[in-house]
Amino acid sequence: MAKPKVKQLSLFPADELKLKTVYIDKPKLFDELFSGYQQMKAVSYAASPITVLSIFEKFDFDQMQLLVGENIGIKHYKGELQNKDLATLQKLMNLVRKEKLNIYFPKNKTIHSKFYILSRPGEHRVIVGSANFSETARKASKQHNYIVYCDLEDGSELFKTFLNDYKQHLKYSQLFLQDLIQLVDSREESEEQVIRTWLSQDIGNVKGEVEAESTKVLSELSNQTLEAEQRQEDALADSEEITVLIPAELKTRENIEKKLSQLHFSIGGSELSVPRQEYASFVKRMCGVPLLGVTQDNSRLVLHMGEKGSVLTREPENRQQVSEALDYIESYIDSFRFGECSDILRVQTNVYEALLYVLAAPFAHEFKKRKKSVDMYSRGPSFLYLYGPSFNGKTNFLRFCLRLITGEHVEPIAQEHFKKTKIMSARAFATVFPLLFDDVNIDSKMEVVLKNYWEIWWDRSTPIPQLIMTTNKFNPPEWANTRIKRINFDVKFDQNNIRASEELNRILTARCDLFSWFATRYLSKLRQPLEDIKNGLLVDELGLARSVMQSFYDYAQRPLPVYFPLEPVERLYDIDRMEWLELFETKVLSLEDQKNKIFVRTPTTIQAYEVDRFMRLLPQGVKAKRKGHTIVIEGKDKYLEWVQGGVQKPGWWKRLLSRGRLG
């Protein structure tokens, strides 16, 4: 049987086609190809959502459609958007709503084509070649491309063919952000809240919505459990069961039943009931921390350890009681004298600063709500990054803090649980008990979590726990530096020192009620007018905690210890500067001063990544770049101001030069 004949259009119709070629080796050539047109329909193997938006705005298109052929899926695009502010995503959504910018993905296949159809009244340009619709292709610094293009008039048969080819590519594709827009339009929550929920889901919109609804139910169960404990504390009769409303949607109900399958729950109509003590034990088992929350009137902190619950907030009975509690705190900090260190005052100040952080950590969610009222674009609160060598007391510090909060022995969370699943589980149950992870390593897998935890995923209606980490690593990844508070326990203990072990054991088995009083006064501070606490919200995140702790010293008529941090320790001790100077002391670095530049040399045996680590010690205000094994500091004045700690000392620069001069 003869094969059917396919009618083909001549590639070179003499009456209309003038092919032109361009070798794109500079940005100007790319820009000239796309400038001056109002509409674009395109197929590109690779394209970033942020780049698409940037190029859309750069060329001022009225309308743009883009099919991204790479089989990376919507999940990958969502991952990119998680690291951007909500305004960027809202801008994309608005353009999609108005059908000005549409991004499509193929379903279950890869499309490697790259062509562009540009239009303006009466004429069109078709571009075919190797260039993706990306900044890499546009900048042409590391990637050159070759394209063929032609300019066609309205009614051109070849233009119609290209248009039909584009439509053929578009078959079986899905529109990016369509699911999010539908969610925003159908949900009662604010657009911001729905976007955060959508971004936090790793897979398709159906499961994402189911998880969001299930989390609401778990959060409400937690809230009901804590509210019931408050009512019992007030001697009000209360049921041993808690009851919440659940959605009617079948998949959501099935998901909730699966999550609570270990419990003896019952469902009647639209209500789910479960024994509250059993639920509290379940939360502790699943999260690794107990259920802790602030009551709806923002005046009480309620803890449920699984076996029993209690309202923690209360005022002290007398001065003597407070003085004994402060003596207990100071005896723990004084125990660091058993360790070996170069500066015991600095170590003790850092320990007290870390203690203030942990005491305030359960209120991070409430702190964030108040901070948002002053500055809606603010980051944080910062995560605590506690570091130092092995046997420096980090783990026992966490044990000490956990005992202060709970009154019981509680172990910190082991390093193998420092992962997204554990953190998201605790978030789902709406406990504000801080997650104290011991001996961790922050790797690339945690980047999405730490970048988005407070900035994208946070929602004022759902309380979440603060994250605290201890580690042996001095330098965290560069992307983490602006999101953490680094505190150095620069001390080492002798594990064979019996006296030190006995003293620590005495401290870790004693009971102290200071956290209950602290919680009462800290919540009271948060309820004050914003003008009165603005500095503590924006300038010094531990400012409110410092003020509360100082109030106890005043009440007990007890002097502040010399190591009490009256301001952030990073202002008192610049650990990066100290490390930088130590590198000169140990002759790892050497320095050469030449007019307006400073050349810092490193040994050629050192790896490039180590030189980069040294350069990251410099503050952001100091302009510097790496040239091989040399760090070139161009901002000499800023550097001198930083390295001298803001104090002008006669002959200081001369002494450093003599220490760091090339031999």
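Looking at the chain, what % of its DSSP beta bridges pair antiparallel, to the nearest 5?
70 percent
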* Structure fact -> Note, residue 566: beta-carbon cut-off 13 Å, +1 each Lys/Arg, -1 each Asp/Glu, net -1
* **Percent carbon-and-sulfur accessible area, the chain, ignoring ligands, DNA and RNA, probe 1.4 Å** => 48 percent
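Using only alpha carbon pairs under 8 Å that are at least six residues apart, calculate the relative contact order of the chain and give it in whole percent.
So the answer I get is 11 percent.
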* To do: Compare the Cα positions of 149, 309, 181 along the charge dipole of the chain (+1 at Cβ of Lys, Arg; -1 at Cβ of Asp, Glu; about the Cα centre) and return the one farthest towards the positive end.
  => 149
* Any chance you could run the full-extension gain for residue 553 through residue 345? It's 0.36 nm times the residue separation minus the Cα-Cα distance, nm to one decimal. => 72.9 nm
* Are any of the pairs 473/595; 41/91; 284/419 more than 25 Å apart by Cα-Cα distance, and if so, which? -> 473/595
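Arrange the peptides 559-570, 353-364 so that the one whose residues have, on average, the most other Cβ atoms within 10 Å appears first.
353-364, 559-570
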* Asked: So, by mean Cβ neighbours within 10 angstrom, what's the order for 332-343, 312-323, 122-133 with the highest one leading?
  -> 122-133, 332-343, 312-323
* Distance between modelled label sites at residue 319 and residue 190, nm, 7 Å Cα→Cβ extension -> 4.6 nm
* Quick one: if the Förster radius is 30 Å, what FRET efficiency do residue 139 and residue 62 give, using the C-beta to C-beta distance and rounding to 0.05? -> 0.75
* With each pseudo-label sitting 7 Å past Cα toward Cβ, what's the residue 572-residue 421 distance in nm, one decimal? -> 4.2 nm
* Structure fact -> Output ordering of 441-452, 174-185, 386-397 (per-residue mean of other Cβ within 10 Å, highest first) is 386-397, 174-185, 441-452
* To do: For the chain, build the charge dipole from Cβ charges (+1 Lys, Arg; -1 Asp, Glu) around the Cα centre, then report which of 428, 42, 322 sits farthest towards its positive end.
  => 42
* To do: Heavy atoms only, probe 1.4 angstrom, no DNA, RNA or ligands counted: give me 571, 276, 486 ranked by accessible area, highest first.
  => 571, 486, 276
* Apply the Debye scattering formula to the chain, with a single equal point scatterer on each alpha-carbon and no solvent, then give log10 I(q)/I(0) at q = 0.06, 0.08, 0.11 Å⁻¹. => -0.47, -0.78, -1.20
* To do: Mind putting a number on the dipole of segment 101-191 about its Cα centre? Charges go on the C-beta only, +1 for Lys and Arg and -1 for Asp and Glu, and I need it in Debye to the nearest 20.
  => 540 debye
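On average, how much accessible surface per residue is there in segment 554-600, in Å², for a 1.4 Å probe, leaving out ligands, DNA and RNA?
With all protein chains present, segment 554-600 gives 58 Å² per residue.
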* So which of 18/98; 100/420; 98/258; 28/107; 98/167; 109/142 end up more than 30 Å apart, counting from Cα to Cα? -> 18/98; 100/420; 98/258; 28/107
* Structure fact -> Rounded to the nearest 500, the 222 nm mean residue ellipticity computed for the chain from DSSP H runs (n ≥ 4, each -39500 (n - 2.57)) alone is -13000 deg cm²/dmol
* **Rounded accessible area of residue 604 (nearest 10 Å², 1.4 Å probe)** => 120 Å²
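The values are calculated or read from the model by the stated rules, or taken from the named source; none is laboratory data. Keep in mind that what you see is a predicted model, and the values were worked out from it rather than measured. A quick note on method: Cβ atoms are made from the backbone with ideal geometry, for glycine too, and the neighbour counts reach across all protein chains shown. Remember, those area values only see protein heavy atoms, side chains included, never the ligands or the DNA or RNA. Shrake-Rupley method; radii C 1.70, N 1.55, O 1.52, S 1.80 Å.
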